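Novice: Could you have a look at this structure, given as structure tokens, before my questions?
No value in this document is a laboratory result; all are computed from the given coordinates. What you see is a predicted model; the values in this text were computed from it and never measured. Note that each Cβ is placed from the backbone with ideal geometry, even for glycine, and that neighbours are counted across all protein chains shown.
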Amino acid sequence: MEGITFDCTEVGNLYLKSDSFRSMTNLRYLKIYNVSLGSTCNVYFPNGLEWLSDKLRFLRWDGYCLESLPPTFCAEMLIELHMTHSKLKKLWDGIQVQMCLDILVNLLRYERKSDAHS
Amino acid sequence: MNLMVSKQCRVYFSLQNLVNLNILWLESSKDLIEIPDLSRATNLRKVYLFECESLCQLHPSIFSLPRLTYLCLGNCKKIESLKTNIHSKSLCVLLLDGCSSLMEFSVTSEEMTQLTLRGTAIRKLSSSIWRNCKLTSLDLTECNKLNIVEKKLSDDHGLGSVTELDLSGCTEIDASSLWSILDGIQSLKRLKLTECCNLESLPENIQNHSMLKWLDLDDCRKLASLTELPPSLLYLKAVNCTYLDADSTQRSLLENMVQTFSKDPPYEEDDDFSFLPGAQVPCKFDFQTIESSITISPIPKFGLRGFIFCIILSEGFHVYHHSLHCIIFEHGKEVDRFRIVHEYTGTLISDHLLICWHGYNILESGSNDCNLSFQFILQGPNEELRWSTEGIKGCGVLPVYNLERGLDLDGGEIGKLKFSAEYPEGFDWPWENHNDELQPRAFEGEVRSSNNENEDDQKHSCCSIGMKLFTHFLIINSILFLLRKSLILQMNNCLKFFMILENICR
């Protein structure tokens, strides 16, 4: 799946798992919107959101309910980010960034080791 | 080694991950505290952070982004300072209206065209503001702490493209800070100083603004004197400026209006009128009365551009929601009407004069003179108070004639033209149903202008003009005919044709 457009105006509360987007590794376009501006979005992640595709180029999410973007989400490909009326406190939480860095560092170490072995 | 890798990762992650980001739109994310360092977001063009009410500061790297053109921080009520020494190369629009805590500001850009500081808490406008030389719009309304404006440095260009400046509600601004602002701007057309209640006089350099046409001074209650105003000024609003020496102001304003409108009648906008303290119709008005309507003695039609009207509105009159209608009668029959609506919300604390212009568009046939009456009437906000003349203490009418050079293409010449170039049968003058009455004598008698500046016209032989004219005549005639089919030509328009013709013939 490469794109999702979802109008949540007339949908009741949606509670999604934290790994809901895990399988969508090719997701490039994600638009979760609410036509009536100013109202909150009713898509919730009680256990947080752990993953979004790094291939995302367009992300619009009105009333995003979490305080930051997933820590593992790397926005290098992202061209447009629209998050109006969100509950964001920071785009990327500092601590979570650190976690993400640790993962990266470990990965790099692992790659170095495997290179050395081969 | 590992440490180095780790450092590189950190750099990689925090600086490069937004390299493709074009638009960052986080409007109304009211909990947002900070925006990350965006220094490597080299493709970022638009950042929209309107109403991010918890946002305390912005990483200064944002101003060095090479492609950032639009930055909106409107209603970000916690931002206190935006200062940088970086002179941006790309930022065009910077919107900071409603940043009610913003006290320090010095952001400049090579490309800045629009800057809004409305309702901010800035006390000082630093001289760096004059480096935004491409600004076309600068909004400083309701900056009610602003009282220091640094002068433009001698090597700064100043703002050459700002034509409108609104300083309404800048309650601390005084004549000297206004001087610095007017010094930094070159070609103002409209200046609004409504409710600048600390202003006692206008700085002298207002005279240098030779394109200034609209000046709003409503509720500048301390304002006692206006320096000499530029001759371009046509519309002055000074409601409830009761200390103002209104007589001299009225005089110079009327002079400006007559000078300008006799040459070039304006395109009439709803907002184009003057409204200032005064209890008497100035003596310059040829016809005046203490009633709300007036019938004037017959005046010649030829060259009549229009009228300047003066209406006295009495103390205590509640301006808001009232519109003033003027109905024009010719030979007792309504031929035209227009209305004026003032947005002022208060009550007049003394008698005021409303001075406005209306062009003469009436194409009555049969006479060289016009017998006109004018009635002024107020339309109230409620149904039961719908029409009334209560509040009108008098009115005056000043006819304005065309004094322009081209139009003293004098009667003699027109007359000879008429006879040398034989008009085809059935040709009607646009302003007359029958051209029988169009006698050369009538033109000579009615043009009020002097022919002094037109001496070289007389060197032309009327005959040769006529010959040349004839070749152009058929073309012009067909144009006129087409125009007549679709719209009512004003007499002025028609006379302009003659001016064009005259120029062609030279």
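Novice: Give me the one-decimal nm value for the distance between modelled label points at A:Glu111 and A:Asn13, 7 Å along each residue's Cα-to-Cβ direction.
Specialist: 4.3 nm
Novice: Beyond 11 Å, what percent of the Cα pairs of region A:16-63 remain?
Specialist: Of all Cα-Cα pairs in region A:16-63, 70 percent lie more than 11 Å apart.
Novice: Restricting things to Cα coordinates, could you compute the convex hull volume per residue of region B:167-289 in Å³?
Specialist: Output value, Cα hull per residue: 106 Å³.
Novice: Enumerate the calculated ³J(HN,Hα) couplings along region B:169-178 in order (Karplus 6.51 cos²θ - 1.76 cosθ + 1.60, θ = phi - 60°), each rounded to whole Hz, writing x wherever the residue is Gly or Pro.
Specialist: x, 7, 6, 9, 6, 10, 4, 6, 6, 5
Novice: Please list, by residue number, every one of the GluC sites (Glu not before Pro) in region B:305-351 that is coil in DSSP and has at most 12 other beta-carbon atoms within 10 Å.
Specialist: Answer by residue number: B:Glu343.
Novice: Between B:Ser187 and B:His321, how many nm apart are label points set 7 Å from Cα along the C-beta direction?
Specialist: That separation, rounded to one decimal, is 4.3 nm.
Novice: Given a Förster distance of 25 Å, report the FRET efficiency between B:Ser201 and B:Arg251 from their Cβ-Cβ distance, rounded to the nearest 0.05.
Specialist: E(calc), rounded to 0.05, equals 0.85.
Novice: About the Cα centre, and with charges only on the beta carbon of Lys, Arg (+1) and Asp, Glu (-1), how big is the dipole of region B:93-216? Nearest 20 debye, please.
Specialist: Around 140 debye, computed over region B:93-216.
Novice: Using amide H atoms built 1.01 Å from N in the peptide plane, name the residues 5+ places from A:Lys89, or on other chains, whose amide H lies under 5 Å from its own.
Specialist: A:Ser68
Novice: Let me ask another. Compute, for region B:234-287, the length of the dipole vector about the Cα centre, with Cβ point charges of +1 (Lys, Arg) and -1 (Asp, Glu) only. Units Debye, rounded to 20.
Specialist: Computed charge dipole of region B:234-287: roughly 260 debye.
Novice: Ok, one more. Where Lys and Arg each count +1 and Asp and Glu each count -1, what net charge lies around B:Asp219 among other residues with Cβ under 11 Å from its Cβ?
Specialist: 0
Novice: Could you tell me the number of lysine pairs in region B:59-174 with C-alpha atoms less than 13 Å from each other, where the two lysines are 8 or more residues apart or belong to different chains?
Specialist: Close lysine pairs found across region B:59-174: 4.
Novice: Something else now. Mind listing the long-range amide H neighbours of B:Val400? Cut-off is under 5 Å, sequence gap 5 or more, other chains count too, H placed in the peptide plane at 1.01 Å from N.
Specialist: B:Arg305, B:Gly306, B:Phe307, B:Ile308
Novice: State the extension gain, in nm to one decimal, for the chain segment bounded by B:Asp369 and B:Asp264, taking 0.36 nm per residue of separation less the distance between their alpha-carbons.
Specialist: That works out to 35.6 nm of additional length.
Novice: Here is a follow-up. As a test of understanding, state the convex hull volume per residue of region B:20-270 from its alpha carbons, in Å³.
Specialist: Roughly 129 Å³ of hull volume per residue.
Novice: Now, a different point. Are there chymotrypsin sites (Phe, Trp or Tyr not before Pro) in region B:241-308 that DSSP marks as loop and that have at most 15 other Cβ atoms within 10 Å, and which are they?
Specialist: When the chymotrypsin sites (Phe, Trp or Tyr not before Pro) of region B:241-308 are filtered for loop state and at most 15 Cβ neighbours within 10 Å, B:Tyr243, B:Tyr267 remain.
Novice: Given H placed on each backbone N at 1.01 Å, which residues far from B:Gly394 in sequence or on other chains put an amide H within less than 5 Å of it?
Specialist: Excluding prolines and chain starts, which carry no amide H, the hits are B:Ile312.
Novice: Taking the dipole about the Cα centre of region B:57-154, with the C-beta of Lys and Arg at +1 and of Asp and Glu at -1, give me whichever of B:Leu82, B:Thr113, B:Ile148 is farthest to the positive side.
Specialist: B:Ile148
Novice: Let me ask something else about it. For region B:224-237, in order, what is each residue's ³J(HN,Hα) by Karplus, 6.51 cos²θ - 1.76 cosθ + 1.60 with θ = phi - 60°, in whole Hz (x at glycine and Pro)?
Specialist: With coefficients 6.51, -1.76 and 1.60, one gets 10, 9, 9, 5, 4, 8, x, x, 7, 6, 10, 10, 10, 10 Hz.
Novice: Rounded, prolate or oblate for region B:225-348? Axes are the square roots of the Cα gyration tensor eigenvalues, ordered a ≥ b ≥ c, and the cut-off for rounded is a/c under 1.5.
Specialist: Since a/c reaches 1.5 but b/c is at least a/b, the shape of region B:225-348 is classed as oblate.
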